[in-house]
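See structure below.
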Amino acid sequence: MLAVDKVSIQFGGRTLFRDLSLTVRAKDRLSLAGPNGAGKSTLLKIIAGIENPDSGRIVKAKQATVGYLPQEGVKHAGSTLFAEAKKAFGDVLLLQKQVAEVEAELESLDPAADAEAYADALEVLGDLQIRLEHHDVARMKPRIETVLGGLGFKPEAFDRPTETFSGGWQMRIALAKLLLQEPSVLLLDEPTNHLDIETVQWLEQWLRTYDGSIILISHDRSLLDALSNRTLAFESGQVQHYSGNYSFYLQERQSRREQLERSFRNQQREIEKAEQLINRFRAKATKAKMVQSRIKQLDKIERIELETEESGIGFRFPQPERSGQSVLKLEGIGKRYGENQVLDGLDFEFERGDRIAILGVNGAGKSTFSRIVAGVESATAGTRKVGHKVGVAYFSQNHADELDPAKTVLETIEKGATTAAITMNLRTLLGAFLFRGDDVFKSVGVLSGGERSRLALARMLLQPANFLILDEPTNHLDMQSQEVLQRALADYTGTYAIVSHNRSFLDPIVTKVLEFIPHRPMRVYHGNVSDYLEKKAAEMAAAAGPAAARGTLTASAASAAPGDAGLNRKDQRRVEAQRRQQKAEALKPLSQRLTDTEARIAALEEEKESLTRRLIDPDFFKKQPEEARVASERLHTIDAEVEEAYSAWSKVTDEIEKVEARFAD
C-alpha cells in the first residue's frame, strides 16, 4: 500500500534518521516510539508530503490515499460545524452540485421545443445520480452525526460557526473530518492531547475497526498497547523495527540490549586476547609475520558499539512541610459564567495524602474546579477553606505564557528554585524535561509551545508546596519524562489532584477519582482510573432493570453468609428470569421500530433501483421525456427520504445497543 524507501533527513547538522525503509501493509497498526525530537513527527510529515527528505522517497499505490492529523495548529472558519464535517465527502458534494446544475438546466428547457437538449440533459442527470448512488449518500448524514457525537460534540453545536470553537475543539473537528474521509493510511500525531477519557475510549474503539492502515504517535501507553501491532523505535539516530505493541517493544528492546551486551563482552575478551598476543610477540623478529597477521585480523573486526543508555534521572520533589489533616474544604461551591452554570452546590474536602484524578468530558467543569481549588479563580457561591500549613502550587497550560521571553531556560529555572531545591542539579531536572546540552541556554522567546509548557511544569515542581493541582501535565511530555514525573509523584509526601486523560500515567499514582458530568453532581470513586472505568461499566449494567429487580439482588446478596459466593441457585435463576423479561420488554418497542425502519429502507431502495434501471435506458429519455423527467425528480426526492430513514435506523440501533449493554453480564 505504501513504502518508505531509504529516507534520510537531518536538521541543523543532526541526523534524525538515515536510510529508513519500511512497508505499510493493509490494516497495519504501526506506532512510532522514542523521545521528543527524535524524528517521529518529521517522518509523518514526509509520508504526508508536507516535508521533503534529504534523500529517499515515498512509494504509494495508485489507489492509496493518505490523511494526516498534526499535533496542533489546525483552524476552521467560514462554515458551521456540520458543514465543515461534510467537506470530508468532497467528491460526493461535487456530484451533488453537478446534479443541481443539470436540474436547473432542465427547468430552463422546454421539453417540446428543446427535445434533443432536454433528452441529453436528462441522460447526464441519470448518469450523475447513478454515480451518486455508488457513494451511499443516504448514510452520509448519520455517519457525520455518529462521528461528531463520538468526539464529544453535542447536536446543538452542529450549527455553530467553526470559528467559535477553541483550539482543542478545532483539533477534534480536524480529526472528525479525517475519520469520515477514511483514507487508506491514517497518520495521527498525538490525537488524544485534546480529548477527555470518554472520547479517548470512543476513538480507541473506532480505530480498532478502522479498515485502513494507521501510523500513530502517542504518549498514551494504554492506547498504543490497545491498537498497535508493530512499533518503530527512534533511538540515537537509528530506527529499529519491533513486531508488537509498545509493551512488547519495551520487553524486546531490553532482550536485544542484553544480547548485545553479551556479544560485546565476548568480543572484548577476544580482542583483549589478541592484543595480549600481539604485545607479547611484537618484539620477536621470528614472530613478526604472525603478529602482522593478527594486527590485520584485529583491524578487520567489526566492533560492536553499545549506545550509552541515559541513566534514570533521579528527580525528587523538595519534600514539603507536613500539612494538617484537612488540606482544603469546599462547601456549597457554585460557578456561573453568564447564563452557564458550571458548578452548583459542590461539597468536597481534600485530606492529607489524597492522590486524586479529576476526570470527565470537556466542558464539565474540571478545569474550573481546579482553578477554584488552587485559588486562582473565585467561586460565585460557597466557601473555600484552606487547611493548616497548606501551600498550594498550580500548573495550567497558561503558565507557559507567563514565562519571561528574555530569560534563558536555565535562568528561568534558577529564578524559580527555592533554597531547598538549589541543592539538586537543576540541569538534571531540565534534562528530565528534554532540555539537554545547549538547550538550557536558549531564550524562552524562541521555544515552541510544547517546550514552554514543559519548562513551566519543571519550574513549578521546584516549589515547596504540599498541595499540587496539575491540569493536563503530560500533554507535551514523552514517555521518559512522563515516567520521571510519575516516579516523583509516587515518592511525593504531599497531596495532589491531577486533571488528565492519560490512563497509564494515572493508574499507578492515584487512589481516588472525581468524576465531572455536565449539569450533574460531582461523584467520588475510590481506586484508580481502571477501577473507576470498571465501576462505571458495572453501574451501566446494573441500571438496566427497575428498582424492584435491584432490590431483589441486594436483599439476596445481603442474606448470604459472608463466605458465600453470592445468590443460591434458585434465587439466581429467578433473578436471571426477571432480567430476561425486563430486557425483552425494553427491547420489544425498539425491535419493532427497527423492523419498520428496515422495511421502509428496503421499499425505498427497491423503488430507487427500479427508477435507476429505467433512467439508464437512453430510449426512455427519447420516447417518454415527460415520464423520464418525473422519474428523475422522484429519484432525487428518494435520496432525502432514504437519508432520513438511515438516520432513524442509526438512532434506534444505538438505543438497542445501549439496552444490550445495560443488561450485559
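Yes/no per residue for (1) among the aromatic types (Phe, Trp, Tyr); (2) under 13 Å from the mean Cα position of the chain (by Cα); (3) closer than 30 Å to residue 625 by Cα:
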position	(1), (2), (3)
97	no, no, yes
102	no, no, yes
107	no, no, yes
126	no, no, yes
160	no, no, no
170	no, no, no
176	no, yes, no
179	no, yes, no
209	no, no, no
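Annotation: residue 262 fulfils all but one of (1) modelled with pLDDT of 85 or more; (2) surrounded by 12 or more Cβ atoms within 10 Å (Cβ to Cβ); (3) more than 30 Å from residue 25 (Cβ to Cβ); (4) of a type outside the set (Asp, Glu); the unmet one is (2).
Scanning region 347-357 for residues that are modelled with pLDDT under 95 and either crowded, with 19+ Cβ neighbours inside 10 Å or basic (Lys, Arg) (or both) yields one hit, 352.
Inspection of region 18-26 finds a residue satisfying the criterion of being touching a His at 6+ places or on another chain (Cβ under 9 Å) and either in the same structural domain as residue 234 (by TED's automatic domain parsing) or part of a strand (DSSP E or B) (or both). Under 35 Å from the mean Cα position of the chain (by Cα) and at pLDDT 85 or above - does that describe any residue in region 303-320? Within region 303-320, none of the residues are under 35 Å from the mean Cα position of the chain (by Cα) and at pLDDT 85 or above. When 4, 59, 24 are checked against the criterion of being exposed (fewer than 13 other Cβ atoms within 10 Å of the Cβ) and aliphatic (A, V, I, L, M), 59 stands alone in meeting it. Summed over region 341-370, the residues that are among the polar types (S, T, N, Q) and either part of a strand (DSSP E or B) or not assigned by TED's automatic domain parsing to the domain that holds residue 509 (or both) give a count of 1.
Considering only residues that are of a type in the set (Val, Ile, Thr) and more than 40 Å from the chain's Cα centre (by Cα), look in region 582-632 and name the one that is modelled with the lowest pLDDT. Among those that are of a type in the set (Val, Ile, Thr) and more than 40 Å from the chain's Cα centre (by Cα), it is 616. Taken over region 371-401, the criterion of being within 30 Å of residue 446 (Cβ to Cβ), of a type in the set (Ser, Thr, Tyr) and either modelled with pLDDT of 95 or more or not in a strand (DSSP E or B) (or both) is satisfied by 396 alone. Selection over region 461-491 of residues that are surrounded by fewer than 20 Cβ atoms within 10 Å (Cβ to Cβ) and of a type in the set (Phe, Trp, Tyr) gives a count of 0. Taking residue 10 as the residue in question, decide whether it is at pLDDT below 90 and under 25 Å from the mean Cα position of the chain (by Cα). Against the criterion (at pLDDT below 90 and under 25 Å from the mean Cα position of the chain (by Cα)), residue 10 does not qualify. Applying a threshold of 7 Å to beta carbon distances and a minimum spacing of six or more residues, or different chains, the list of pairs starting in region 640-665 at a residue that is under 21 Å from residue 584 (Cβ atoms) and surrounded by 15 or more Cβ atoms within 10 Å (Cβ to Cβ) and ending at one that is charged (D, E, K, R) and modelled with pLDDT of 80 or more reads 652/593. Of 10, 71, 63, all but one fail to be within 30 Å of residue 482 (Cβ to Cβ) and in a loop (DSSP other than H, G, I, E, B); the exception is 71.
The values are calculated or read from the model by the stated rules, or taken from the named source; none is laboratory data. Fair warning: this is a prediction, and the values are worked out from it, not measured in the lab. Glycine gets a Cβ as well: all are built from the backbone with ideal geometry, and neighbour counts include every protein chain shown.
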